[in-house]
Amino acid sequence: IVGTIIATFAYSVSSYALNPTFFDSIINKNDISNLPALLPVFLGVFALSGVHEIAHYLLAKRNDVQIGLPVPIPSLQIGTFGNITPLRSFPKDRNALFDVAISGPLTAAFFSILLMTVGINLSVSASTETLSAFAVVPAALMKTSFLVGSMCSILAPKVMTLPASQLIPIHPMFLVGFAGVVSNALNLLPIGRLDGGRAT
C-alpha cells in the first residue's frame, strides 16, 4: 500500500514536472504551494482503482463469492498496475467466476475512456491562461496506442501532426483515464490471478 501511494505520487509529479510554472516554483523557488495541483491525478488514480474494486465486490456479492481485501501493485509509470483481489470462497460455476473477474476491468475501463474523452475536450477548449496550469506531456504520449491515437485524431487532430517530442498541456482527467486504461488492459491479460486469467 505504501509503495503504491509513493508510486502514484511519483506519477502525479511526473505529469506536472514538464510544466514550466510548476517546475520553476518547486525547483528554483522552493515553493510547494503548487503541490495541490497534483491532487486530481493522485486521487483520480485511486478513485478509478476504487471503481474497479467496487465492481468486483458487487458482482461477488451477487454471485455469493467471498473476496478478500485487494492488494495494490505499484507502478512508477502509471502509479498502480491495479490490485490482486483474493477469492475467499469458490464460485459456484465458471460463469460466476467470469462475472466477478470481468466486472472490475470493464467498469473501470469505461470510466477511464470517459475521463480521457472529457480531458481531451477540456484541453482543446481551455484558454491559454488555463492551459498554463495543466499537466504537460510529450505529444508522443498521444500516439502510444491505437485507442489514444484514434481519440486524439477525432477530438484534437492538430495534436497528431506535432512532432513526438513536442510538449503539450493536457487536462489531468486525461492522465487519470490514461493510467486507468493501461492498468485495466494489463489486468485483462490471461495470466494467473489477474482478472483476465480468472475470466479465461
Yes or no: Val137 under 22 Å from Gly44 (Cα atoms), touching a helix residue (DSSP H, G or I) at 6+ places or on another chain (Cβ under 9 Å) and among the hydrophobic types (A, V, I, L, M, F, W, C)?
yes
Of residues in the stretch 151-173 being touching a Leu at 6+ places or on another chain (Cβ under 9 Å) and within 26 Å of Pro105 (Cβ to Cβ), the one surrounded by the most Cβ atoms within 10 Å (Cβ to Cβ)
Ile170
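Restricted to the stretch 25-42, and to residues that are β-branched (Val, Ile, Thr) and crowded, with 16+ Cβ neighbours inside 10 Å, which residue is modelled with the highest pLDDT?
Initially, the stretch 25-42 is screened for residues β-branched (Val, Ile, Thr), giving 26-27, 32, 41.
So of that shortlist, the ones also crowded, with 16+ Cβ neighbours inside 10 Å come out as 26, 41.
Details: Ile26: 78, Val41: 93.
If we take residues in the stretch 25-42 being β-branched (Val, Ile, Thr) and crowded, with 16+ Cβ neighbours inside 10 Å, then Val41 is modelled with the highest pLDDT.
Pick from Val13, Val45: which is open to solvent by less than 30 Å² (accessible area, probe 1.4 Å) and not hydroxyl-bearing (Ser, Thr, Tyr)? Walk me through it before giving the result.
Details: Val13 fails: open to solvent by less than 30 Å² (accessible area, probe 1.4 Å).
None of the others qualify; the one that does is Val45.
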Quick check, is Ala96 without any contact (Cβ under 8 Å) to a residue 40 or more places away in the chain, surrounded by fewer than 21 Cβ atoms within 10 Å (Cβ to Cβ) and not aromatic (Phe, Trp, Tyr)?
yes
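Identify, from the list Val176, Val137, Val124, Val148, the residue that is of a type outside the set (Ser, Thr, Tyr), out of contact with any Asp or Glu (no Cβ under 8 Å at 6 or more places or on another chain) and open to solvent by 30 Å² or more (accessible area, probe 1.4 Å). Quick ask: steps written out before the conclusion?
Numbers: Val176 fails: open to solvent by 30 Å² or more (accessible area, probe 1.4 Å); Val137 fails: open to solvent by 30 Å² or more (accessible area, probe 1.4 Å); Val148 fails: open to solvent by 30 Å² or more (accessible area, probe 1.4 Å).
Going through Val176, Val137, Val124, Val148 in turn, the sole match is Val124.
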Single residue of the stretch 48-66 satisfying the filter (of a type in the set (Val, Ile, Thr) and open to solvent by 40 Å² or more (accessible area, probe 1.4 Å)) that is farthest from Phe110 (Cα to Cα):
Ile54
From the option list Ser123, Ser112, single residue qualifying as assigned to a helix (DSSP H, G or I), within 21 Å of Thr21 (Cα to Cα), in contact (Cβ under 8 Å) with a residue 24 or more places away in the chain and of a type outside the set (A, V, I, L, M) is Ser123
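Can you tell me which residue among Ser132, Ser103, Ser75 is under 20 Å from Asn187 (Cβ atoms), touching a residue at least 60 places away in the same chain (Cβ under 8 Å) and of a type in the set (Gly, Ala, Ser)? So that I can check it myself, show each step before the final result.
Details: Ser132 fails: under 20 Å from Asn187 (Cβ atoms); Ser103 fails: touching a residue at least 60 places away in the same chain (Cβ under 8 Å).
Checking each option against the conditions leaves just Ser75.
The values are calculated or read from the model by the stated rules, or taken from the named source; none is laboratory data. Note that the structure is predicted; figures quoted are calculated from it, not measured. All Cβ positions, even for glycine, are placed from backbone atoms using ideal geometry, and neighbour counts span all protein chains on display. Only protein heavy atoms, including side chains, enter the accessible area calculation; ligands, DNA and RNA are left aside. Shrake-Rupley method; radii C 1.70, N 1.55, O 1.52, S 1.80 Å.
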